[in-house]
1. Which of B:95, B:100, B:268, B:281 has the fewest other C-beta atoms within 10 Å, and how do the rest follow up to the most?
2. Antiparallel versus total DSSP beta bridges in chain B: what percent is that, nearest 5?
3. Apply the a/c threshold of 1.5 to the C-alpha gyration tensor of the stretch B:317-371 and tell me whether it is rounded, prolate or oblate.
4. At what distance in nm do the modelled label points of residue A:59 and residue B:206 sit from each other, each positioned 7 Å from its Cα along Cα→Cβ?
5. Output the peptides B:206-215, B:181-190, B:238-247 sorted from most to least packed, where packing is the average of other Cβ atoms within 10 Å over each peptide's residues.
6. Pop the C-beta distance of residue B:177 and residue A:66 into the FRET formula with R0 = 35 Å and round what comes out to the nearest 0.05.
7. Report relative contact order for the stretch B:223-274 in percent, whole number only (criteria: Cα-Cα under 8 Å, sequence separation at least 6).
8. Please figure out what share of the DSSP beta bridges in the protein assembly as shown is antiparallel and state it in percent, rounded to the nearest 5.
């Protein structure tokens, strides 16, 4: 994940691809550090945003699933 | 001229640097210009490092370290490091020939993000024939293995023509076997050296359509395993491709000696003035250089492009192809069905594809380097 200063946004870069990263996605991706598993990521986000873990988990799974289908993240 | 200055263009997304035109392969469809540049005129490490910093400051995100064969540069690890330190996403576009384990380790350590490896065929005989290099197959496979062992993402690039079109399915299998995340199925584009070999390389339309259908059928099946990007052969297309994403719109190509080009073949268009990164900043070149301004946007267009609803999708297609096939770089790309030349081009392609496959003129760095 990189800061794109010229366009004022965060991006996820892949070969021939640029994914614009919004604030929600950035919060998820910065927790994808290769150490935390899904439940740890969900727990951290649920605590940080005071939201139900079930709702958060659904969103995280969908987002990472999309990126996985595009071969941008690995699980 | 006193007219209004045009608004500054949006920054480029990527910069492709042809670090050298030296290359061990002899591909019949080589995308480097007809007149190759000599090693003596190549930019030095520090100058390239400055180009990378300027590219990042301008807003570019990707740098494609290309050639020729970029690893023919002795300073390729230092160049990779400089690009990574500038904050660019670094993509090495390589034949895989000549990259030792030691050099590969240095590239990874320098911060390389991704490797794109070419294959000329999906088996040893086809690969080594069309790369014009005996033993390339084993070396390419060894390179792929180093990339995946290091955990770096790997793309396989296959340039497709009459001699290997039947292997599109086998290229997909090869990409899966080697652990690539992405495969480029790039049908040959006919300018420069490839244009010289067009009659030998042009595939028949029905086989092209079958190969496209094969890729489209494979995509959903391979979701999550392999992404397949396809560049279609535009002689048989209905609409032209937006060459380089639109002239002077998303990409800059820099030649070994530092000439900044809107696309790799732009020097084939006579009368364009190219500025050099040794003399001007990349930002100034991007904004003001006559070559980048020549076909930027839509003001240069004539009919049928000017009033076309796709003018900001196709951007008029490819200027080099328009020149090569119609003699006029500002004409509509004849790959478009609206071009008055389209029927003639498609008929010519069909008749070339039906004729027996003629002799191939292999590329040779030694023979074609400019005097």
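1. Numbers: B:95 27, B:100 12, B:268 20, B:281 15.
Ranking B:95, B:100, B:268, B:281 by Cβ neighbours within 10 Å, fewest first, gives B:100, B:281, B:268, B:95.
2. Working: 3 of 37 bridges.
Here the antiparallel bridges make up roughly 10 percent for chain B.
3. Numbers: a/c = 3.95, a/b = 1.36, b/c = 2.91.
Oblate shape, in that a/c is at least 1.5 and b/c is the bigger or equal ratio.
4. Each label point lies 7 Å from its Cα, and together they span 5.5 nm.
5. Descending mean neighbour count gives B:181-190, B:238-247, B:206-215.
6. Values: r = 26 Å, r/R0 = 0.75.
After rounding to 0.05, the efficiency reads 0.85.
7. Working: 28 pairs, mean separation 10.2, N = 52.
Reported as a whole number, the value is 20 percent.
8. Numbers: 11 of 45 bridges.
Bridges in the protein assembly as shown are about 25 percent antiparallel.
All of the numbers you see were taken from the coordinates with simple rules; none came from a lab. If you're wondering where the values come from, they're calculated on a predicted model, not measured in any experiment. Note: ideal-geometry Cβ built from the backbone for every residue, glycine included; neighbour counts use all protein chains shown.
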